[in-house]
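Engineer: I'd like to ask some things about the structure below.
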Amino acid sequence: MSKVVLCYSGGLDTTVCIPLLKERYGFAEVITVTVDVGQPESEVRRAEERGKRYADRHYTVDAKEEFVNAVFQLVKANGDYEGYVLGTALARPIIAEKVAEVAKKENADAVAHGATGKGNDQLRFDNIFLQHGFKVIAPMRELNLTREWEIEYANEHGIDIPVTKDKPWSIDENIWSRSIEGGKLEDPSYVPPDEIYEWTKGGKTEEEIITIEFEKGIPVALNGKKMNGIELIMALNEIGGKHRIGRTDMMEDRVLGLKARENYEHPAATILITAHRDLEKLVLSRRELKFKRFVEEEWAELVYYGLVNDPLFHALNAFIDKTQERVTGWVKLKLGDGYVMPVARDSEYSLYDEELTSFDSIVVDQSLAEGFSMFHGLQGRVFYRVVKNRRN
Ligand code: ARG
């Protein structure tokens, strides 16, 4: 008896996959797995209910904690790919790991997912599934189905078409970000209506100042109140959302080379990375900061590409963790309509030295700087003289 474990969201695509895996691929048993990475509770419940109804067996796996741990590593890395906060990218390998665990337990012959052949998600899922030795089936990529065909097929198989609030775009949501793509939004020259945004609807306009505390690069408290990761991210999504902080409308280079217009909202991500970067500037040396920027870019690209099993990823994390040993302290941020700005910071590891820097201090003998200045820019001045002499 052949078994396949399907990565399941409860939406039309992945639900249509259930009968397809039996009819087109000949599996006797289809087992659905929904992984909770902080998408809305109602979405998880809907997937669970539909999985139980249409598949032979269903699992719901809670991976919120693992996901938040990954998100906090992202904060340490100031994770950003071309301006994108990497929410979907970071979640996919975790989802794939959880699905692979079920597939092993179930002794499945294959795993399946609903990603298309045009995006990045197929690469992120496949990489982890293949690592665990599974055959991967991706019906959406293999069969080139249209939405109309899927609806008809669903009707024939007694599958309800999920009411997706009638929005003509594709949403991918987790605790870190909400991505909105497809439909009219695909056209880069189209100005999106405000209604595509749900987390950042605004409403509150007076400025406010919040305080975030970090321990070794990890945010641990908001306004003096200790919180676990999930609570902290949810609280910041709420506060930041009121100020319409963290919207992105961008052109993105997909792994395959396709350019795509993407819209995202991510209030907590924007606030936390703004705060974290600011604290790093207080405690890390100029050279650490400069070198870390290269590390961050490489780190973000590996995450975007779904290559989190590459040994380089582990090596970069080791470097990042080393730098974060001193990223302990607090940052105050001013939040206003659509913006967040650091306004104060402090740390026991601060490299700011009032005695040295202050205009009012006399500890440093300023006249010594004259000698330094004699050599500073020396080659440029020699060059200027040489070029000037040749012209005459
Ligand atoms: N462009 C983003 C990424 O590659 C988001 C993808 C969102 N996926 C989706 N099925 N809507 O990570």
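The values are calculated or read from the model by the stated rules, or taken from the named source; none is laboratory data. Treat the numbers as computed from the prediction; the structure is a model and nothing was measured. Here Cβ is always computed from backbone atoms with ideal geometry, including for glycine, and neighbour counts include all displayed protein chains. We work out accessible area using only protein heavy atoms, side chains counted, and drop any ligands, DNA or RNA first. Shrake-Rupley method; radii C 1.70, N 1.55, O 1.52, S 1.80 Å.
Engineer: Which cross-chain or sequence-distant (5 or more) residues have an amide H under 5 Å from the amide H of V220, H modelled 1.01 Å from N in plane?
Structural biologist: It is E213, F214, E215, by chain and number.
Engineer: In the stretch 5-33, whose amide N lies under 20 Å from the spot 7 Å out along Cα-to-Cβ of N155? List them in ranges.
Structural biologist: 11-20
Engineer: Let me ask another. Figure the gain on full extension for Y25 and S42 (residue separation times 0.36 nm, minus the Cα-Cα span) and round it to one decimal in nm.
Structural biologist: Gain on stretching Y25 to S42: 3.0 nm.
Engineer: Applying the Karplus parametrisation 6.51 cos²θ - 1.76 cosθ + 1.60 with θ = phi - 60° to the phi angles of the stretch 170-184, what ³J(HN,Hα) value in whole Hz is obtained for each residue in order, glycine and proline being reported as x?
Structural biologist: 9, 10, 10, 10, 8, 5, 8, 7, 10, 10, 10, 8, x, x, 4
Engineer: Once you have all Cα-Cα distances for the stretch 11-88, histogram them in 5 Å bins from zero and send the whole-percent values.
Structural biologist: 3, 13, 19, 16, 14, 13, 11, 7, 3, 0
Engineer: Moving to a separate point now. When DSSP assigns beta bridges and you keep just the ones with both residues in the chain, what percent turn out antiparallel, to the nearest 5?
Structural biologist: Given both bridge residues lie in the chain, the antiparallel proportion sits at roughly 65 percent.
Engineer: Could you compute the FRET efficiency for L143 and N69, with r as their C-beta to C-beta distance and R0 at 56 Å, rounded to 0.05?
Structural biologist: Working: r = 36 Å, r/R0 = 0.65.
So, using R0 = 56 Å, E works out to roughly 0.95.
Engineer: Tell me, what is the FRET efficiency for E348 and S170 to the nearest 0.05, using R0 = 45 angstrom and their Cβ-Cβ distance as r?
Structural biologist: The calculated FRET efficiency here is 0.45.
Engineer: Then there is this: Only sites in a loop by DSSP and with at most 15 other Cβ atoms within 10 Å count here; which GluC sites (Glu not before Pro) in the stretch 165-242 make the cut?
Structural biologist: When the GluC sites (Glu not before Pro) of the stretch 165-242 are filtered for loop state and at most 15 Cβ neighbours within 10 Å, E198, E206, E207 remain.
Engineer: Just list whichever of K225/K334; K242/K281; K76/K259 have alpha carbons separated by over 22 Å in the model shown.
Structural biologist: From the list (K225/K334; K242/K281; K76/K259), the Cα-Cα distance tops 22 Å for K242/K281; K76/K259.
Engineer: Over the stretch 96-238, how many percent of alpha carbon pairs lie in each 10 Å bin up to the one with the longest distance?
Structural biologist: Histogramming the stretch 96-238 at 10 Å steps yields 8, 23, 29, 26, 12, 2 percent.
Engineer: How far apart, in nm, are two points set 7 Å out from the Cα along the Cα-to-Cβ line at E207 and at K104?
Structural biologist: Calculated label separation equals 5.3 nm.
Engineer: Would you work out the relative contact order for the stretch 76-182, in percent, from Cα pairs under 8 angstrom that are 6 or more residues apart?
Structural biologist: 26
Engineer: Would you please give the FRET efficiency between E195 and A315, computed as 1/(1 + (r/R0)^6) with r the Cβ-Cβ distance and R0 = 35 Å, to the nearest 0.05? If you can, show how the numbers build up before the last one.
Structural biologist: Details: r = 44 Å, r/R0 = 1.25.
So, using R0 = 35 Å, E works out to roughly 0.20.
Engineer: What is the chain's relative contact order, in percent, from Cα pairs under 8 angstrom and six or more apart in sequence?
Structural biologist: Computed value for the chain: 17 percent relative contact order.
Engineer: Out of all DSSP beta bridges with both ends in the stretch 1-111, state the antiparallel percent to the nearest 5.
Structural biologist: Numbers: 1 of 14 bridges.
Counting only bridges with both partners in the stretch 1-111, antiparallel ones make up about 5 percent.
Engineer: How charged is the neighbourhood of I230? Take every other residue with its Cβ under 9 Å from the Cβ of I230, and add Lys/Arg as +1 and Asp/Glu as -1.
Structural biologist: Numbers: positive: K64; negative: E65, E231.
Combined, the nearby Lys, Arg, Asp and Glu give -1.
Engineer: Now, a different point. For L256 and K290 in the same chain, what is the full-extension length gain: residue separation times 0.36 nm, less their Cα-Cα distance, in nm?
Structural biologist: Result: 9.3 nm gained on full extension.
Engineer: Report Rg (one decimal) and Dmax (nearest whole number) for the stretch 238-392, counting Cα atoms only, units Å.
Structural biologist: Computed over the Cα atoms of the stretch 238-392, radius of gyration and Dmax are 22.2, 68 Å.
Engineer: What is the sum of charges around F134, taking Lys and Arg as +1, Asp and Glu as -1, for the other residues whose C-beta is under 10 Å from the C-beta of F134?
Structural biologist: 0
Engineer: Within the accessible area of the stretch 173-308, what % is carbon and sulfur when the probe is 1.4 Å and the other protein chains stay in place?
Structural biologist: 51
Engineer: Here is a further query. For the stretch 328-392, just the Cα atoms, rotate onto the principal axes and tell me the three extents in Å, largest first.
Structural biologist: Projected onto the principal axes, the Cα atoms of the stretch 328-392 cover 59, 38, 22 Å.
Engineer: Take the Cα pairs of the chain, get the Kirkwood Rh, then feed it into Stokes-Einstein at 37 °C and 0.692 mPa s and tell me D in µm²/s. Could you put the intermediate results ahead of the total?
Structural biologist: Values: Rh = 23.6 Å.
D, rounded to a whole number, is 139 µm²/s.
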